[in-house]
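See structure below.
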Amino acid sequence: MPKRRYGGAAQQISTQKRQRAYAACTECRRRKRKCDGTEPCSSCHGYGYRCSYHAGADSESDAHNSNAIEGKSPTIASNSSVHPGYSSVSLSASTQENSPTEVLVSKPKGRYINAHSAVALPHLVGLALGASVPPRLHSFAWNLGSRPERKWAIHDALSSFITLQDCRSLSSVYFATVHPMFPFLPQTRFLDRLSENWSALESQPNFAAVVAGVAALGSFFAEPSYSKERELVDYSFSILDLTLSTPISLIDLDSVGGWLLRTLYIRLTTRPALACLASQTAIHVAEILSLHREISERDTASSYLGQALFSPEELDTRRRHYWVAWCLNCLVSAEFGLDPVKLSLATCSRPKLNSTTHMQHLVSLSEALSSVQAHVEQGLESQAMTDHFARLRDIPSDSVTFSIFKAEVCIGTLRRYVSASRRPGRATITVCVAILDTALESVDKLLSERQHWWNLLSVPFQSVCLILHFDDDLLLALLPKAMDALRRISNMLDTHLTKEALNTAQQLVALSRDGSENRAQVKTAALGDSHYSSVIDWSSLNQGFAFENWPLGLDFMYEN
């Protein structure tokens, strides 16, 4: 590799004259830096400042214009969407001056790089020394290089066990069932890429993993399922596994998509811990790509920064990938009793509204779920918890699929009461009964449409557990409906897990019944063999006793 040559400060001084102070831009004057008088000047170009020559600009304006490369400005912070419980930073002028390059952007790799990263240091030092071609954003001296990197290979082409026509057919099932609930893939763009790259799909390993993942999920919801679904899963997972340990491909948006698809498939088919790990990997891959950081044209003022811009479609796709990753992580983590992954400076804006998907309601549902811990800290009997359930109730259940996910979040919050040995208030129970009743009513339709989501089984089962634990009259009215749902699911799917859930629920109901019968027997024994009337005829009592003559010091209530 040829040795780089950097233009040093002494060389620049000898080849060009020092610019007069009055010709310096506002940023160079404020920072007491040498300015070459161009627009933008080399200093602003390198650091990503907004270069201007308005001498009358006041210090406040300078503070707002001195943005780092894709750094946070007060304007952006005030217009960005920040997660509940997530931290946001609004950089003041003094903060920006102390840390003028908070983040750098790498458009080819599609991500931010923090200025305090080891990757950014050579680049920043080169700029500070006045290099005309500073070192690129690269992991210089990352390790000793004493061992070769692992080799990677995709042994079988996807086309060896599925045709393009079958792949399109399974993709249609995916976009009809999975996409409305988790809409991170742009359907038209995906199908176009599939057709364009089918013959050389393995040249884009990350996209190949996405294609196989989409087909596998389509097969899961299809009737009948695809005969080589297992091969599709193995193909997709093997590529994703390679991305964690080999340089098979640059991390890109397809990497996030692949891990989201993997999370969904694992959650539908295998054990909780594996789904949590896949979900956490998806959110961290999104973090590496800085999908949680919003990109705005207001941060751009030079040709260098202009290279970092994304089209409106690209921006919306980035946002959808991030929000689905975050929502899915919230849902899966709550089920396993873990806190969701928290990313600092999460300022990603909401994606565009689309009436054909549940994106907006999914985000609202996940935000409600992520805020539970803060409400619990105020007390399970607090008004905050009551308001939490009211907000959950007000999220529209505009489809049977969404209603079952909404019930899942409701149940997850009710489990907090069980673990704390507390009982929810009457108002809370009333709201929960309405949410659970709607979800249980949707079971038949979900079964008939073959929408076998994981919560199709977990919601009725967990409902039975909560009903028996709280033993409340309003909740008990749902018990027959929940048990009927479990029986229908078990009879239709006839799997080990459905039978196990039904048998366990029946055992719990029997235990609860036996306990109630034992208590009833004790009360019956207390009555003895004597006859009694359930209605007291007060008029038949001795009227010779004057109640009004009863001593007032005794607490005795009577009627005239």
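I'm trying to understand the selection: among the residues of region 489-523, which are β-branched (V, I, T) and within 20 Å of D472 (Cα to Cα)?
V509
Looking at T243, T270, which is the one that is in the same structural domain as P205 (by TED's automatic domain parsing) and either within 30 Å of L497 (Cα to Cα) or surrounded by fewer than 20 Cβ atoms within 10 Å (Cβ to Cβ) (or both)?
Answer to the selection: T270.
So, in region 124-151, of the ones that are crowded, with 16+ Cβ neighbours inside 10 Å and in contact (Cβ under 8 Å) with a residue 40 or more places away in the chain, which residue ends up nearest to S245 (Cα to Cα)?
Restricting to residues being crowded, with 16+ Cβ neighbours inside 10 Å and in contact (Cβ under 8 Å) with a residue 40 or more places away in the chain, the top hit is P135.
May I ask you to list the residues in region 190-204 that are surrounded by fewer than 20 Cβ atoms within 10 Å (Cβ to Cβ) and either touching a residue at least 12 places away in the same chain (Cβ under 8 Å) or hydroxyl-bearing (S, T, Y) (or both)?
Within region 190-204, F190, L191, R193, L194, S195, W198, S199, E202, S203, Q204 meet the criteria.
Filtering region 219-237 down to residues that are within 13 Å of A208 (Cβ to Cβ) and within 24 Å of the chain's Cα centre (by Cα), which residue is surrounded by the most Cβ atoms within 10 Å (Cβ to Cβ)?
S236
Looking at (1) out of contact with any Gly (no Cβ under 9 Å at 6 or more places or on another chain); (2) of a type in the set (D, E, K, R); (3) within 16 Å of N455 (Cα to Cα), find the lone condition where R422 falls short.
Result: R422 passes all but (3).
Quick check on region 171-208: of everything there that is of a type in the set (G, A, S) and either at pLDDT 95 or above or closer than 18 Å to S355 by Cβ (or both), which residue is nearest to the chain's Cα centre (by Cα)?
The residue in question is A176.
Go through the residues of region 420-428 one by one and say whether even a single one is within 23 Å of S490 (Cα to Cα) and not in a helix (DSSP H, G or I).
No: zero hits.
L217 - would you say it is in a loop (DSSP other than H, G, I, E, B), hydrophobic (A, V, I, L, M, F, W, C) and modelled with pLDDT of 95 or more?
Considered against the rule, which asks whether it is in a loop (DSSP other than H, G, I, E, B), hydrophobic (A, V, I, L, M, F, W, C) and modelled with pLDDT of 95 or more, L217 comes out as no.
Looking at this structure, is L447 of a type outside the set (V, I, T) and either touching a His at 6+ places or on another chain (Cβ under 6 Å) or surrounded by 18 or more Cβ atoms within 10 Å (Cβ to Cβ) (or both)?
No, not satisfied.
From the residues in region 273-288 that are crowded, with 21+ Cβ neighbours inside 10 Å and among the aliphatic types (A, V, I, L, M), which one is farthest from N114 (Cα to Cα)?
The qualifying residue farthest from N114 (Cα to Cα) is A275.
So for region 388-397 (the condition being among the β-branched types (V, I, T) and not in a helix (DSSP H, G or I)), does at least one residue qualify?
Among the residues of region 388-397, at least one is among the β-branched types (V, I, T) and not in a helix (DSSP H, G or I), which makes the answer yes.
Looking only at region 496-521, which residues are under 30 Å from T270 (Cβ atoms) and either of a type in the set (D, E, K, R) or outside any helix (DSSP H, G or I) (or both)?
The answer is K499, E500.
Kindly indicate whether S399 is out of contact with any helix residue (DSSP H, G or I) (no Cβ under 8 Å at 6 or more places or on another chain) and at positive phi.
Spelling it out, it is not the case that S399 is out of contact with any helix residue (DSSP H, G or I) (no Cβ under 8 Å at 6 or more places or on another chain) and at positive phi.
How about region 186-201: which of its residues are in contact with a helix residue (DSSP H, G or I) (Cβ under 6 Å, 6 or more places away or on another chain) and closer than 20 Å to T243 by Cα?
Within region 186-201, just L201 meets the criteria.
If we scan region 218-236, do we find a residue that is within 24 Å of I113 (Cα to Cα), in contact with a helix residue (DSSP H, G or I) (Cβ under 6 Å, 6 or more places away or on another chain) and in the same structural domain as L201 (by TED's automatic domain parsing)?
no
The values are calculated or read from the model by the stated rules, or taken from the named source; none is laboratory data. Note that the structure is predicted; figures quoted are calculated from it, not measured. Neighbour counts are summed over all protein chains in view; Cβ atoms, including those assigned to glycine, are modelled from backbone coordinates with ideal geometry.
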